[in-house]
Amino acid sequence: MSEERGQLVGSGAADHHHHGEDDQAWLREVWSDNRRWVAAILLAHKPKDAELDDLLQEVAMTLVRRIHDVRDPSKIRPWLRTVSINAARAAGRKRKVRLRLVPTGGDVEQAPAPENDESEALKNEAVRALEAAQRLHPDYREPLLLRCVRGMSYRRIAQTLELPVTTIETRIARARRMVRDEIEFEQEAATMRITQGQSQGAGA
Amino acid sequence: MEPTNTDILISRIVDDEATSKDWESFEQLAALEPEVWKKLAREQRDAANLRTAVGVAVEAADAIELPLGIAGAGAEHVFSRRFSPWIGWAMAAAVALAWLGADLVPMFNPELTPTNQAGISIVPASADDALNQYRSVGEQEGRYIGEMPKVMVEARAMPDGVRVEVIYLRQLLEREVVNGVYGLGEDDQGRATPVPIEPRVIQASDPI
């Protein structure tokens, strides 16, 4: 993105999106520049079973429909964050209706039950780190996950969350320590289970 | 549990936010407590792991475009929502398949498939051949509609450090005519029991 466009999206040209022809290009620029960290916000706040893609669509829709409500361009990022958090919370409130096709004729086969081994295999180191981060309090997991998005410096995160930079770095440092503690706790618990299993096996 | 100055210092280094003064402080600290190097290495590793996991997740955003150009943007939204779960992962799957390289490309090789003299395949030579046969027969029967983009489940480096093992979900779209559609409800005693449902209330994204 050029410097001129960067200023346009980041701080200047408040009413650019009111000027007809450039509307769509400007909106695309805003979305393109912000959608990754929006995804990180959604990841930090969404319920486990909500689809990230669906929530991104919700935010994109709201951006198109409601961006004109934002008068101050410096508030676009905080506004997008609020929209994202609202979308994630709304997903948690939606009642899930699980449907099942029950054949009363024909020869529809039952789907095989998912294997536990598969889900075990999914728990690699990176997934465990993300899961541990997602269990943190939102005040900590949000800046930590945002920092994982390229281009999200402490300063930019601070602007997005409307908090001082020092608060952001303190929260990220604390979040990391809590994630590390949790991973170590899990590893110790796993080691303990294996040791117990072996001693029980030897006893039998 | 407030983070210590060492925690914050290490966090800044991990995040590429450390100034030269921070580095000086860290080196002075490390001279007294060599253990902090180990701590830094561990934090670097944790951060890299987290970046990988978050990176894969947020990549989905690149495939989400704004619903522009339609009044109210409603119709496009519905279309996008219906297929959105596939779009993000399709890109990941494409990357994963690129890693696989030529190993996955020859999906069907007629020369490898045993045939009788009339040229009719008897036993599929591979799983890919069997799948192609299924597609062919399924299309004739009207059962097989198509294949959705593959969903990458996991990718991990092989011990040789060169190749990558990719585990992905293959999803086939099929058609079936049934005599009724039922949801899962409860009977008087709270036990799960099938309940008839009007097909028109079923949304495309509902799980079966």
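The values are calculated or read from the model by the stated rules, or taken from the named source; none is laboratory data. Nothing here was measured: the structure is a model prediction, and the numbers come from that model. With ideal geometry, Cβ positions are generated from the backbone for all residues, glycine too; neighbour counts draw on all protein chains shown. Just the protein is used for accessible areas: all its heavy atoms, side chains included, with ligands, DNA and RNA removed. Shrake-Rupley method; radii C 1.70, N 1.55, O 1.52, S 1.80 Å.
Summary of computed values
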| item | result |
| --- | --- |
| Members of the stretch A:133-148 found to be surrounded by fewer than 23 Cβ atoms within 10 Å (Cβ to Cβ) and either more than 17 Å from residue A:82 (Cβ to Cβ) or in contact with a strand residue (DSSP E or B) (Cβ under 7 Å, 6 or more places away or on another chain) (or both), listed by number | A:134, A:135, A:136, A:137, A:140 |
| Tally of residues being of a type outside the set (Asp, Glu), more than 10 Å from chain B (Cβ to nearest Cβ) and open to solvent by 40 Å² or more (accessible area, probe 1.4 Å) across the stretch A:24-45 | 0 |
| Close pairs (9 angstrom Cβ cut-off, 6 or more residues apart or separate chains): farther than 28 Å from residue B:174 by Cα in the stretch B:144-164, in a loop (DSSP other than H, G, I, E, B) and not β-branched (Val, Ile, Thr) anywhere | B:156/A:124; B:157/B:163; B:164/B:158 |
| Some residue of the stretch A:113-126 being at pLDDT 90 or above, part of a helix (DSSP H, G or I) and surrounded by 17 or more Cβ atoms within 10 Å (Cβ to Cβ) | no |
| Every residue from the stretch B:18-47 that is open to solvent by 80 Å² or more (accessible area, probe 1.4 Å), among the acidic types (Asp, Glu) and assigned to a helix (DSSP H, G or I) | B:24, B:27, B:35 |
| Hey, residue A:162 surrounded by fewer than 22 Cβ atoms within 10 Å (Cβ to Cβ), out of contact with any strand residue (DSSP E or B) (no Cβ under 8 Å at 6 or more places or on another chain) and within 10 Å of chain B (Cβ to nearest Cβ) or not | no |
| Residue in the stretch B:151-162 that is open to solvent by less than 60 Å² (accessible area, probe 1.4 Å), away from chain A (no Cβ under 11 Å) and farther than 21 Å from residue B:52 by Cα present | no |
| Where residue B:54 falls short, out of the listed (1) within 7 Å of chain A (Cβ to nearest Cβ); (2) buried (at least 18 other Cβ atoms within 10 Å of the Cβ); (3) more than 20 Å from residue B:155 (Cα to Cα) | (3) |
